[in-house]
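Accompanying notes for the structure given below.
The values are calculated or read from the model by the stated rules, or taken from the named source; none is laboratory data. Keep in mind it's a predicted model, so treat the numbers as computed, not measured. Positions of Cβ are generated from backbone atoms using ideal geometry, with glycine treated the same way; all protein chains shown enter the neighbour counts.
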Amino acid sequence: MKAPLSWIKDYVDLDGKTVEEIGQALTMTGLEVEEILLVGLEKPAGQRLQNKYSGLSWDREKFVVAEVLEVNQHPNADKLTLCQLNDGKEIKTVLTGAPNLYPFIGKGKLEPTIKVAYAKEGAQLYDGHQPGLVLTKLKKVTIRGVESSSMIASEKELGISEEHDGVIFLDDDAPVGMPLADYMGDAVFDVKILPNMARDASIIGIARELAAAYGLELKEPQGLPLKTGGAIEDYVGLEIRDPELNTRFMLGMVKNVCAKPSPYWVRRRLVLAGMRPIDALVDATNYTMLETGQPLHAFDYDVLRKRANGKPTIITRRAEEGEKLTTLDDHQLTLSSETELVTDTAGPLSLAGVMGGQESGISAESTQVLLEAAAWNFINIRKTGSRYRINSEASYRFSRDVHPALTEQALGLCLCRMREWAGGEVVEGVIDQYPLRREDPVNTLTEADIERSLGLRIDLKEAKAILERLGFSCQLEGEILSAKTPANRTDIETGIIGKANLIEEVSRIYGFERIPTRRLTGELPPQLGVKQVEFEEQVRDIMVSLGMQDTLAYRQTSIEREAKLLPECKADETLRYVKIANPISPERTVMRRSTLATMLELLERNGRLAEGLALFEIGPVFLPVEGQLLPDEPKRLAIGLWGAKYLSAWSENQNRTVDFYDLKGVLEGLMQGLHLQNVEYRPLGDHPTFHPGKAAGIYAGETLLGVMGEIHPLIRQNYDFPEGAILAAEIYLDQLMPLVEKGFQVRSISTFPTMVEDIALIVDENVPASQVEALIRKAGGKLLVGVRLFDLFRSEKLGQGKKSLAYQLTYQAFDRTLSVADAAAIRKKIVKLLGFELGAVLRDS
Amino acid sequence: MSEIELNLQTEQEKGLQSLAAINSLPELEVWKQSFLGKSSLVMTTFGKMGSFSKEERPLVGKAVNAVKVAFEAAFASKEEVLKRDALLQSMESEKLDVSLPGRAARRGRLHPINLSLREIYRIFGDMGFQVYSSPEVETDDMNFTYLNIPPYHPSRDMWDTFYTEDENVLLRTHTSPGQVRSMREYYPNPVRVILPGACMRYEQLDQSHEIEFMQFELLVVDKGITFADLKGTIEDFTKRMFGPGADTRFRPSHFPFTEPSAELDMACVFCGGSGCGVCHGTGWIELGGCGMVHPRVLQYGGYDPEVYSGFAAGVGIDRTTLLRYHIDDIRYLRNNDIRFLEQF
Ligand SMILES: [Zn+2]
């Protein structure tokens, strides 16, 4: 809501208060001022301004009200005129190209003179010929032989609007010589209207809040006194068919009007408030809506009369399915039966509370105006607005629930303005049907209620004064304050909620800064904890300790992006996704199912920015489940490795790049960190994403904990990866978590010396190393405390399809120093068992 | 004194004198050969002991022994001095250029958002808050209706929502649905939780707007909870998180699920409140929203608003992170550019 200060001042006396103070006062009552646009007024001095400012200030010496006495043709240019102008001090000749002065060329001395905004040499204003707001300073120039150093300004040049088709014609009573800033300098507060403050989507509403904040009187404007019935009943009839949707409907009428331009001060206010001036009739409805918050609609009475072939009857009702209406902005709508309409006996006239119809609206030719002020069901208006995708100033307000009482005030004011600005006479009486009267809630409040919410006692007398300033009618009886909601707001409920509503009203005006601060006391809740979050943090810490970089990925992706994990990017049609109904872009249409896909994208993006990457991410995937409203959101750990294993150094180059076993080392580090024993890595086989020979499934028993490996060379082609193997893993933390115990047991350490020896065994190529090690441990028994593979060797000497695995074995006992004989006995058992189980033989040399 | 005794005395003087002049280990070795070697006077004297008379023998024996002991002692101390000198000398040549860079160890790091989150957990953990998590894909009821935002209510406009193909399911726009979820779990006990997590809003991505962002919500429900508790808790948090200069301001506002509602502003940490580009010259930075839990929300959570009261606050973790590290563009946080992440 854009509220010009000059307009607000019509209703509350803010003299002596600076723009900065008023902006702050609005913000601190809950009407956040997003920006203050200066239109002529000076920017407040001082370093620390709490408001944001924009706009133009008019130097009081250099911008003044002036009058054009005579308009003459420029001797050497068709499109230029020379104006005789009185700026209050002297008569000057001013050069201008404004087309709206052409009609006055050669008319001699003008009577009356034309009042204009005059900018003198040195004035700083916006360049009218450049797009946007470009500041410029008026300098002396010579145009086709005529010298010019000053100008008659347009709205654009003064920063009032984008209008530059002509210069401003001020109202005739503008005092010549007065600094322009004093005459019409303004500041526009751009106020954020929160949903519970619908009443403040109006200048009076904003003035009311300021009056309450400052403890000043609100001077509400007086329109025509309204009397139901009378002559108007001879002109029009009214029927409300669905009071739930149309709680009140009022009609007034003006005859013999003329749709001429409104006074300049009206047009200027409309422009500053963000609306386009049209003519006196349209402007009167818009002006009154901005002023009161009540939208109005004007019908061309002659059209209605013609349609009805006599006295028209206005009928408000739901549309019939399929009924048609062409709106003011030329859209042909096919209506749904949920839509509330204003109609007559011949059919739809307008989309109730949202937008008028083309046929029956007023035009420049209208001379008889029927004026509607009505109250509509806000939810229905909202549905209508979104169904037909129409956003209007009217629907903006009605969809926030306008109080039906406002119709009276608005109708009285608007009729008054039409008469004043467009001439004509008001037909006696109004039609008013109010079938569903709104009951304004009465709530009670005690000091204890306030203290229970705020932790502060506020004297009920002070609370009463605050509420009265906001328009509540209050009564204080003993220790109970009762407050009747004013007939302009719709946000106050009843009961315990009504009390809370009142406490909010009292506290925001009283000032939150006056509420004390206190530390929490009281009993602590039962300690439930969240195992899942704690586990996630544990995993994150282990990953960081392994030198991995934590990352954070988007949840929103597309099926196409995830299909890059599959051959030829062909999506798996059997996978169900959480699909976004209103995606922000084609790249983000679903919630991800895979953290692997987001990790590969991260590797791709960073591939050329580093020597090597070691990344991880912990986050949810979203898996729809049949028969379940919400998807499962299990947490995943994604790991990505690429490039140099070691960061390069000046002294020596260890320029090995990472491979499968580096990734496995990270995973082993993780499992060790979690103290998880007996994790197995089994060949993954033909997983579509991974290299068939360089990938493993990670198992605990038969539970699959995740997949890991080198990305399949064909899948690589779906990405723009740098050279080198891409390694990735996805771990199912939800599967892993239940296996991890809260504590673990520490082994004691023997004080007796260890004995170390090596053993090399030749086995078939296809025997997994993990099996060899398991058998060595089994045969070695508890005296064998360490088994470490240190060499893997293949040669023709060993034979086709054979490999040699060399282990370092460590023996140690808890009760004695082991002898050579002890070691030999264990070794013998190992060789025997492996020979028996795997056909392994000792390698001699 | 016999001739031999005199000779030994002369030998001792000569030996010790020449030893004093020695400066290197090889010279010392030569000296040892001449004065303690096989053909040295001391050793040859020992060898021909039998040739002395019975009376002379003890005297000569005593004298030669004394010379030997003196030589050995002098040799040992000289050797120690020379060895230490040699060691010191050799170290001189091992001198490094300590200004050369070290060989880098690969350091893992937490994402800045998670760094902030840890700090937030720690601070609120100290105040007795427990973490509670709830789904990111939520029901319309939890995200809106139970928070006093019924369908078609104008307050729905406050959130630009991503909906899913199921009209009852959406991407949560805030962490507030966790309020009702946690209340229902803790009922009838008091509630003191922190609800962290990702939220999603339909926004055009720019320097300060994200379609996905992290937020945390505070919720306290008990008998006798007041706005004063809310102010105290928030002030303690901001001062610990941003330093003692982080003054707060509670500005009236509106959220459907709190009554009264306040916008939470913090004195700008960039300029100390004197006004700068970040705070648009106002000296204040918006941190989040807060207020007393709306009676209807308490009811949806199972608590009788006539008996219980509570406060809630929602603060952006992305925003907190930007402020903590003076980052000027929110998009850095989810771009995961390694050159950004490695600065933490
Ligand atoms: Zn600042």
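Which residue, of B:ILE113, B:ILE123, B:ILE22, is away from every other protein chain (no Cβ under 14 Å), β-branched (Val, Ile, Thr) and surrounded by 10 or more Cβ atoms within 10 Å (Cβ to Cβ)? Just one listed residue meets the conditions, B:ILE22. Name the residue that is nearest to the other protein chains (Cβ to nearest Cβ), counting only residues in the range A:452-491 that are closer than 18 Å to A:GLY511 by Cβ, out of contact with any strand residue (DSSP E or B) (no Cβ under 6 Å at 6 or more places or on another chain) and surrounded by fewer than 15 Cβ atoms within 10 Å (Cβ to Cβ). By that ranking, first place goes to A:ARG457. In the range B:320-331, of all residues being within 14 Å of chain A (Cβ to nearest Cβ) and surrounded by fewer than 19 Cβ atoms within 10 Å (Cβ to Cβ), the one that is modelled with the lowest pLDDT corresponds to B:ILE327. No other residue among B:PRO305, B:PRO260, B:PRO252 is in a loop (DSSP other than H, G, I, E, B) and surrounded by 19 or more Cβ atoms within 10 Å (Cβ to Cβ) apart from B:PRO305. Among residues of the range B:185-194 being facing chain A (nearest Cβ under 10 Å) and in contact with a Gly (Cβ under 8 Å, 6 or more places away or on another chain), the one that is nearest to B:ASN114 (Cα to Cα) is B:VAL193. Checking the stated criteria, B:ILE317 turns out not to satisfy the condition of being under 19 Å from B:GLY288 (Cβ atoms) and surrounded by fewer than 21 Cβ atoms within 10 Å (Cβ to Cβ). Scanning the range B:300-307 finds one or more residues that are away from the ligand (no atom under 16 Å from the Cβ), touching a strand residue (DSSP E or B) at 6+ places or on another chain (Cβ under 9 Å) and in contact (Cβ under 8 Å) with a residue 24 or more places away in the chain.
Residues in the range A:87-145 that are β-branched (Val, Ile, Thr), farther than 23 Å from A:TRP265 by Cβ, at pLDDT 90 or above and surrounded by 13 or more Cβ atoms within 10 Å (Cβ to Cβ): 4 in all. Only residues that are among the hydroxyl-bearing types (Ser, Thr, Tyr) and under 48 Å from the mean Cα position of the chain (by Cα) were counted across the range A:226-246, and they come to 1. Against the condition touching a strand residue (DSSP E or B) at 6+ places or on another chain (Cβ under 8 Å) and hydrophobic (A, V, I, L, M, F, W, C), how does B:LEU205 come out, does it pass? No, not satisfied.
Within the range B:234-246, the set of residues being away from the ligand (no atom under 16 Å from the Cβ) and part of a helix (DSSP H, G or I) comprises B:ILE234, B:GLU235, B:ASP236, B:PHE237, B:LYS239, B:ARG240, B:MET241.
Listed by position, the strands (runs of 3 or more DSSP E) contained in the range A:743-836 that have at least 2 residues being under 23 Å from A:GLU668 (Cβ atoms) and of a type in the set (D, E, K, R) are A:784-793. When residues in the range B:139-151 are screened for being facing chain A (nearest Cβ under 7 Å) and surrounded by 19 or more Cβ atoms within 10 Å (Cβ to Cβ), 0 of them pass. Residues in the range B:162-181 that are at the interface with another protein chain (Cβ under 9 Å from one of its Cβ atoms) and surrounded by 19 or more Cβ atoms within 10 Å (Cβ to Cβ): B:PHE162, B:THR164, B:VAL169, B:LEU170, B:LEU171. Here B:ARG249 meets the list (1) more than 13 Å from the ligand (Cβ to nearest atom); (2) within 7 Å of chain A (Cβ to nearest Cβ); (3) free of Cβ contacts under 8 Å to residues at least 40 places away in the same chain almost entirely, failing just condition (2).
Residue pairs whose Cβ atoms lie under 6 Å apart, separated by 6 or more positions or on different chains, with the first residue in the range B:277-293 and within 10 Å of chain A (Cβ to nearest Cβ) and the second of a type in the set (S, T, N, Q) and part of a strand (DSSP E or B), are B:GLY291/B:THR258; B:GLY291/B:SER261; B:MET292/B:THR258. In the range A:146-166, of all residues being assigned to a strand (DSSP E or B) and modelled with pLDDT under 90, the one that is farthest from A:ARG60 (Cα to Cα) corresponds to A:VAL146. Residue count for the range B:252-284 satisfying the condition of being more than 14 Å from the ligand (Cβ to nearest atom) and of a type outside the set (Gly, Ala, Ser): 10.
Anything in the range A:156-205 that is of a type in the set (Lys, Arg) and assigned by TED's automatic domain parsing to the domain that holds A:VAL33? List them, or say none. Within the range A:156-205, A:LYS192, A:ARG199 meet the criteria. Listed conditions (1) in a loop (DSSP other than H, G, I, E, B); (2) under 34 Å from the mean Cα position of the chain (by Cα); (3) of a type in the set (S, T, N, Q) are all met by A:THR326, apart from (1).
Being farther than 22 Å from A:GLU209 by Cα, outside any loop (DSSP other than H, G, I, E, B) and not hydrophobic (A, V, I, L, M, F, W, C) is not true of A:GLN24. When the range A:553-591 is filtered for residues that are within 7 Å of another protein chain (Cβ to nearest Cβ) and closer than 20 Å to A:LEU663 by Cα, nothing remains. Scan the range B:82-99 for residues that are exposed (fewer than 11 other Cβ atoms within 10 Å of the Cβ), in a helix (DSSP H, G or I) and not hydroxyl-bearing (Ser, Thr, Tyr) and the total you get is 6. Only one of the listed residues (A:LEU615, A:LEU600, A:LEU565) is in a helix (DSSP H, G or I), crowded, with 20+ Cβ neighbours inside 10 Å and touching a residue at least 24 places away in the same chain (Cβ under 8 Å). That residue is A:LEU600.
Filtering the range B:185-195 for residues that are free of Cβ contacts under 8 Å to residues at least 60 places away in the same chain, assigned to a loop (DSSP other than H, G, I, E, B) and more than 18 Å from B:ARG296 (Cα to Cα) leaves a non-empty set.
Criterion applied to A:ALA610, A:ALA649 was being in a loop (DSSP other than H, G, I, E, B) and under 20 Å from B:LEU110 (Cβ atoms), and the one residue passing it is A:ALA610. Counting only strands (runs of 3 or more DSSP E) that sit wholly inside the range A:352-447, those with at least 2 residues that are within 14 Å of chain B (Cβ to nearest Cβ) and under 38 Å from the mean Cα position of the chain (by Cα) are A:442-445.
A:GLN24 meets the conditions (1) modelled with pLDDT of 95 or more; (2) out of contact with any helix residue (DSSP H, G or I) (no Cβ under 8 Å at 6 or more places or on another chain) in every case but one. The failed one is (1). Any residue at all in the range B:266-273 that is at the interface with chain A (Cβ under 10 Å from one of its Cβ atoms) and at pLDDT 95 or above? No, the range B:266-273 has no match at all.
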